[in-house]
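Notes follow once the structure below has been shown.
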Amino acid sequence: MFQLSTAEFENWRSQIVTSNSADNMGIRRRPHAFTEQGVAMLSSVLHSDCAIEVNIAILRAFVRLWG
């Protein structure tokens, strides 16, 4: 897991049209994100059906992005 840089955060925020501005309760802190390997490691720890389904969906999204 890593925290987005300031530039990555600003780029990410500019792509979310539903987010409010920082003055109006928008996202104020840089979020944390997982790498593909981090998601795979997380799925080996979490064993609920919901966690497994979510992790599979995330890994499929990585495959579509980078595949």
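Structure notes:
Conditions tested, residue by residue: (1) at pLDDT 80 or above; (2) touching a helix residue (DSSP H, G or I) at 6+ places or on another chain (Cβ under 9 Å); (3) not in a loop (DSSP other than H, G, I, E, B).
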residue	(1), (2), (3)
A7	yes, no, yes
N11	yes, no, yes
V17	no, no, no
G26	no, yes, no
R30	yes, yes, no
L42	no, yes, yes
I56	yes, yes, yes
R60	yes, no, yes
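- Residues within the stretch 28-57 that are free of Cβ contacts under 8 Å to residues at least 24 places away in the same chain, open to solvent by less than 60 Å² (accessible area, probe 1.4 Å) and either within 26 Å of A7 (Cα to Cα) or among the small types (G, A, S) (or both), tallied: 5
The values are calculated or read from the model by the stated rules, or taken from the named source; none is laboratory data. No experiment lies behind these values; they were computed from the predicted model shown. In this analysis, Cβ positions are derived from the backbone assuming ideal geometry, glycine residues included, and neighbour counts consider all displayed protein chains. We work out accessible area using only protein heavy atoms, side chains counted, and drop any ligands, DNA or RNA first. Shrake-Rupley method; radii C 1.70, N 1.55, O 1.52, S 1.80 Å.
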